[in-house]
Amino acid sequence: MVRMRCFCMVIWVLLSEVTVEASDIRVSGQVGGSVEIQCSQLFADTNTKYFCRDPCKEDQHNLIKSGQSPTGRYRLEDSGNGVFTVVITDLQKSDNGTYWCGVERYLKDTYHKVLLTVTDAPSPDTYPPKASITAAAVRTARSNEIFTSSSSTVPPSTTSPSSTQDKQQSPT
């Protein structure tokens with residue numbers, strides 16, 4: 001019986017290591033913005049979760065742990081079912097790099113590799129100004145004909161059917 005438990009434990013540890021290597025999490029954000037990183041690990045309902053910066057050795061590289069109040073720009077939300085979310089706010093270019101979502105285990109902690117890319121925020125000149133809609137369409141009925149006039153500079157509230165009709169009848 002003890003032998004079977006040891007065998008199962010060894011298989012479980014080996015399988016968890018394979019899972020870690022196969023599933024990198026890639027996240028990107030812009031300077032000044034924020035990112036949410038969702039980490040998931042099997043059989044980690046009540047285990048302590050943490051988020052650390054590479055090389056992630058001992059507690060010296062941990063940025064936040066489950067059960068800990070938010071520290072600085074980092075927040076960890078543990079849903080209690082093996083899934084936890086890390087939020088990083090006020091991103092900086094220096095945040096670029098490799099991180100790890102970790103779960104404390106009895107024998108050896110398990111991890112998911114996180115690759116964070118932070119890009120510069122676009123400048124306001126990158127996008128054209130938003131167009132404002134000021135066109136007014138006015139319909140006037142005269143002798144069974146319908147005239148349509150539009151103007152891109154005159155707001156709808158100042159256009160009257162009679163002034164539009166006069167403009168359409170005058171020679172140019």
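The values are calculated or read from the model by the stated rules, or taken from the named source; none is laboratory data. Just so you know, these numbers come straight off a predicted model, no measurement behind them. Note that each Cβ is placed from the backbone with ideal geometry, even for glycine, and that neighbours are counted across all protein chains shown. All accessible areas refer to the heavy atoms of the entire protein, side chains included, with ligands and DNA or RNA removed. Shrake-Rupley method; radii C 1.70, N 1.55, O 1.52, S 1.80 Å.
Summary of values
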| quantity | calculated |
| --- | --- |
| Number of positions in the range 34-58 that are more than 14 Å from Tyr111 (Cα to Cα) and either open to solvent by 30 Å² or more (accessible area, probe 1.4 Å) or touching a helix residue (DSSP H, G or I) at 6+ places or on another chain (Cβ under 6 Å) (or both) | 4 |
| Criterion violated by Phe84 - all others in (1) farther than 27 Å from Ala121 by Cβ; (2) modelled with pLDDT under 95 satisfied | (2) |
| Enumeration of residues in the range 85-109 that are more than 24 Å from Val31 (Cβ to Cβ) and crowded, with 21+ Cβ neighbours inside 10 Å | Gly102, Val103 |
| Output for the range 69-84, where each listed residue is buried (at least 17 other Cβ atoms within 10 Å of the Cβ) and either aliphatic (A, V, I, L, M) or touching a Phe, Trp or Tyr at 6+ places or on another chain (Cβ under 9 Å) (or both) | Leu76, Asp78, Gly82, Phe84 |
